[in-house]
Each structure stands twice: as C-alpha cells, then as structure tokens.
Amino acid sequence: MSPESRTGQIDPAVFESYLTKTRWFGGKGRPFAVSDVRRIGEVPGRLDDGPHVLIVLVEVTYDDVAQDAVDKVELYQVPLVLYRDPEARLDHAFLGWWEDADLGWVHAYDALHDREAMACWLRSFGASGEQPITSAEGLTFHRIQGYDLDQTAHSTLFTGEQSNSSVAFGDDSLMKVFRKVTPGVNPDILVHEVLTRAGSEHVAALYGWLDINDPQTGSVLQLAMLTQFLRTATDGWDLATASVRNLFSEADLHAHEVGGDFAGESTRLGESLREVHEALREHFPTERRSRDAARQLAEEMSRRLDAALAVVPELAEHADALRATYAKVADLSALEVQQIHGDLHLGQTLRTSLGWKIVDFEGEPAKPLAERLLPDSRWRDVAGMLRSFDYAPRVVERTHSEQDEEGSEQRAYRAEEWANRNRNHFLVAYAEGALSADERTLLDAYLADKAVYEIVYETRNRPGWVQIPLEAVARIGAS
C-alpha cells in the first residue's frame, strides 16, 4: 500500500498554518505558499499494532523574490505519524485530519513529538551492523558498524533548536532531523562519517543516517543523522560566558588570577581544532590555488563590504582600512584550501569529560549547499572562533551594564582583557607558535570579513549588539 493511497490528498493549507508555528521554519514573516506536498516514503520499522509514520516533503514558494531567484523555493521535511483516534497528548503537534480509503479518518501529527513514531525510526536503523535497512519506496537507513543501538531507549525531543530538530534516545544516541532539505550530500553527514571512520576524538561518533535517491530532483536527499549522544557535555559558549561572569565578580583580580580562568580551555580548544583540520586535510582533497584565487577572495570580501555599507552607513568611516586589509590578500602568491567547518564559533563546540568536541559541520546556513561543500581556507574557521572569543565577554558586559551602569568602564576593560587572553591562548595552541606573514594576512582579512558580516546581522536582528562588531572593525582601523 503506497503512502499516497494511505493518506489521500492533504490540503496544503494544513502545512501553511503549521509551518508558521514552528521554530525551524525559515520563512516566517515572508509571503509564501505551499506549492507542493510530497510523501516520499513510510518509515519501515512499524509494529503491527503501531501507527503509520510517513516522511513528507513540503515545497514552499516565496512571493518576495524574483522568479529565478535561488531562494524562490525551499523544501521542508515534516515527518507525520497517523492515528485513527485523536491523541490529546499530541495536540501541540497536530497538523490536521482527513478521510483515508484504507484507514478511515486519520489524525496527523508531527512525528518527532511522538515516542511511538520515534521508536519506529530507531528500529529502522537496526541494532547493529553496516547493512542498511530500506523501505519499499527507497528510504535507506544506513549504519556504521561498531556500536549496538539500544532499541528500547525512549525518545526526548529537544526544544531549543531553530533550524533542525534533534531527538535523544535515552543516554544512547542523538538523531538530528534536517528540516530544510537540499538535494545533494549534506556536509554534516559527510564530515562526520569520514572523521568517525578515521577515529577522530573531537567529534561525536556517527552511528548512521537516512537518505533517499529522489527521482523528482535527480539527487540524493539526506534527511537525518544519528550520532553518539554527549549527554554530559557543556556548550562552549555557556562555559566561556560563565568564566566572564566569574571574572566580573572578582573586581580586584585579573583574568589569569580568577578560579574560572578559561585560558586552559582555549588552549585545548585550539589544539582540538588543529587536529580536526589535520584529519580533514588527510581525508579530503586539498588544493594550492594560484594568485588569481587570492585576488578573487579579496574581491569577494570587498563586494560583501559594499553590500554592508548600503545597510550600515556607520561602516563608511572604516571602509578604507577594511579595503586595505583585503588588498593584502590580493597580493598573496597562493591560497591553500581544504575541507573546513565553515561556521565555527563557541556555540559549535561541546566540552566533555574527555575533551572538546566540534559539532554541526553543515557550514554557513545562508550559503547554497554546493558552496558549503567546497574546500576553503582553514583561517576562516580560526577567525570564527576568535570573533566568538571577542563576543563572549562583551555580551556579558552589556548584560551587566543594563542592570548596573556603575563600574561599566572597568567591566569594559576586563572584557577586553579576557578576550585578548583567550584569543592568544587559542591561536598559539592552534598554530603551534607564531604565524607566517601570509597566514597573518589571511587571518586578519577573515576577521575583518566576519566582523562586517556580524555588523549586518546585528543591525537586522539584534541592534543592541551591533556595537560589538563595530568596535572590532574600529580596532582594525586603529591598527
């Protein structure tokens, strides 16, 4: 029995209403219509007396861009669980109901909120082994050998994520379901698979993933990944900001004197990133590009600055210094590129009892998938981390100043002290010493480029924070 015959025709309005209520839908606030609803398969791990679990792709078309714009159409994954009778416990995840030729009236819910549905997904991955389990429609649940899954583990849906949805299975494993789906290989799965098979200690081990070869797009669609659950891990951003708060509470001590000094963690994080980059360089293609590539990179950075100036006129006084920083890149004789993280910051790191783990290798979400798969300079990742070390103390500083203006000048000084100390420890550990002149040129340019990006982002989303990257750009001009 095909999913189409089981569910009949779903009114697109059902999904239009539901999408706007979710955290993960990226089109909130934009005029859109659901232009297609496709059922691509049924999850094969269903028990005889269990609910049917389907995977549905919802095509969204936006009305605020040109017909040929790259972001005109997006695909979103909405797994459905179907029950004959209403399930009051799932009212918050209810999509709609309709009459089915085989099941009668069915009530449809977002499957990730239902433990019965998630148990069906877990059974579809199988307990162990690398032999994939495939549904009649071609949904394939891949596994990596070496870890036996606990098939009895209960699921818990995480509520804090925005772009994807994650479900923990007990303390055993964690499944990330990609809500926005792009045809092609997902770099998060690709990198995790390579690093897991290489035995890297700095990522959560990949246990499996779900995909389907989609005839409509002519490409693979990667829908979910199952990894080791780092249950006791602490978010790197949370650890860093806790260190800053500790520093601010000790008014008469310097950053290296307080008990919450973060420099040791910054050092270990720098070492971890270096080892990850080395592993990526070993297992993915690398390239030494010509002077033309360096010139092209400088031009791309300048174009992003031009676009930012149209949004943030205050940038104009720093434009010459920024262009001079980019111009040095254009003079480089070569540019070395490799597989990188692509969107690295403290929030993409986890501290475990065994050391630092780096997560979310999807790359910068705003970039097309094809671009995120391309090799890039490792200094982009380094710059992202250094900017994050700059953000952490200044966000805490502003929070304190909103509550108590007294002492704001001293907190600003101490924030700068914390940022400098941790940036230096991280960079020295990563580079294993001093940078060459060419490495310094690239890093400076990536730092400037990242700060310009942050200025535009903060202007549009968090105007109260825009001074953080503006001050960073001003320091570039001063130097």
Q | Residue in the range 353-375 that is surrounded by the most Cβ atoms within 10 Å (Cβ to Cβ), counting only those that are among the acidic types (Asp, Glu) and free of Cβ contacts under 8 Å to residues at least 60 places away in the same chain | A | GLU364
Q: Please find, within the range 106-128, the residue that is farthest from LEU226 (Cα to Cα) out of those that are free of Cβ contacts under 8 Å to residues at least 60 places away in the same chain and touching an Asp or Glu at 6+ places or on another chain (Cβ under 9 Å).
A: HIS107
Q: Please find, within the range 281-317, the residue that is least open to solvent (accessible area, probe 1.4 Å) out of those that are hydroxyl-bearing (Ser, Thr, Tyr) and either within 22 Å of PRO187 (Cβ to Cβ) or in contact with a Phe, Trp or Tyr (Cβ under 6 Å, 6 or more places away or on another chain) (or both).
A: SER302
Q.
Filter the range 239-294 down to the residues that are of a type in the set (A, V, I, L, M), assigned to a helix (DSSP H, G or I) and either on the phi > 0 side of the Ramachandran plot or touching a Leu at 6+ places or on another chain (Cβ under 9 Å) (or both) and list them by number.
A. LEU239, ALA240, LEU247, ALA255, LEU269, LEU273, VAL276, ALA279, LEU280, ALA293, ALA294
Q. Of all residues in the range 337-366, which are within 29 Å of ARG288 (Cα to Cα) and part of a strand (DSSP E or B)?
A. VAL337, GLN338, THR349, LYS357, ILE358
Q: Taking the residues in the range 376-393 that are more than 21 Å from THR241 (Cβ to Cβ) and out of contact with any Leu (no Cβ under 7 Å at 6 or more places or on another chain) as candidates, determine which candidate is least open to solvent (accessible area, probe 1.4 Å).
A: ASP376
Q. Of all residues in the range 267-280, how many are touching a strand residue (DSSP E or B) at 6+ places or on another chain (Cβ under 7 Å) and open to solvent by 40 Å² or more (accessible area, probe 1.4 Å)?
A. 1
Q) Under 6 Å by Cβ, and 6 or more places apart or on different chains, what pairs join a residue from the range 376-399 that is at pLDDT 95 or above with one that is among the polar types (S, T, N, Q) and surrounded by 24 or more Cβ atoms within 10 Å (Cβ to Cβ)? A) PHE389/ASN422
Q: Identify, from the list LEU350, LEU344, the residue that is under 14 Å from the mean Cα position of the chain (by Cα), open to solvent by 30 Å² or more (accessible area, probe 1.4 Å), closer than 19 Å to LEU195 by Cβ and at pLDDT 95 or above.
A: LEU350
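Residue by residue, here is whether (1) more than 20 Å from PRO79 (Cβ to Cβ); (2) surrounded by 15 or more Cβ atoms within 10 Å (Cβ to Cβ); (3) of a type in the set (D, E, K, R) holds:
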position: ARG197; (1), (2), (3): yes, no, yes
position: SER200; (1), (2), (3): yes, yes, no
position: ALA205; (1), (2), (3): yes, yes, no
position: GLY208; (1), (2), (3): no, yes, no
position: GLN228; (1), (2), (3): yes, yes, no
position: ARG231; (1), (2), (3): yes, no, yes
position: THR234; (1), (2), (3): yes, no, no
Q. Within the range 103-113, restricting attention to residues that are outside any helix (DSSP H, G or I) and out of contact with any helix residue (DSSP H, G or I) (no Cβ under 6 Å at 6 or more places or on another chain), which residue is most open to solvent (accessible area, probe 1.4 Å)?
A. TRP105
Q: Please state which of the following conditions THR156 fails to meet, knowing it meets all the rest: (1) polar (S, T, N, Q); (2) out of contact with any Leu (no Cβ under 7 Å at 6 or more places or on another chain); (3) more than 24 Å from ALA119 (Cβ to Cβ); (4) not in a loop (DSSP other than H, G, I, E, B).
A: (3)
Q. Inside the range 158-189, can you point out the residues that are of a type in the set (A, V, I, L, M) and open to solvent by less than 50 Å² (accessible area, probe 1.4 Å)?
A. VAL167, ALA168, LEU174, MET175, VAL177, VAL181, ILE189
Q | Filtered residues of the range 454-468 (kept if surrounded by fewer than 19 Cβ atoms within 10 Å (Cβ to Cβ) and touching a helix residue (DSSP H, G or I) at 6+ places or on another chain (Cβ under 9 Å)) | A | TYR457, GLU458, THR459, ARG460, GLY464, TRP465, GLN467
Q.
Residues that are within 25 Å of PHE141 (Cα to Cα) and in contact with a helix residue (DSSP H, G or I) (Cβ under 6 Å, 6 or more places away or on another chain), at least 1 per element: which strands (runs of 3 or more DSSP E) completely within the range 1-100 meet that?
A. 32-42, 52-62, 73-83
(Q) Can you tell me how many residues within the range 120-152 are outside any helix (DSSP H, G or I), of a type outside the set (Ser, Thr, Tyr) and under 13 Å from VAL53 (Cβ atoms)? (A) 3
Q: Evaluate the following for ALA327: is it within 21 Å of VAL473 (Cα to Cα) and either in a strand (DSSP E or B) or over 13 Å from the mean Cα position of the chain (by Cα) (or both)?
A: yes
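The values are calculated or read from the model by the stated rules, or taken from the named source; none is laboratory data. Predicted, not measured: the structure shown is a model, and the values here were computed from it. So basically every Cβ, Gly included, is an ideal-geometry build from the backbone, and we count neighbours across all protein chains shown. Side chains are part of the model used for accessible areas, which takes the heavy atoms of the whole protein and leaves out ligands, DNA and RNA. Shrake-Rupley method; radii C 1.70, N 1.55, O 1.52, S 1.80 Å.
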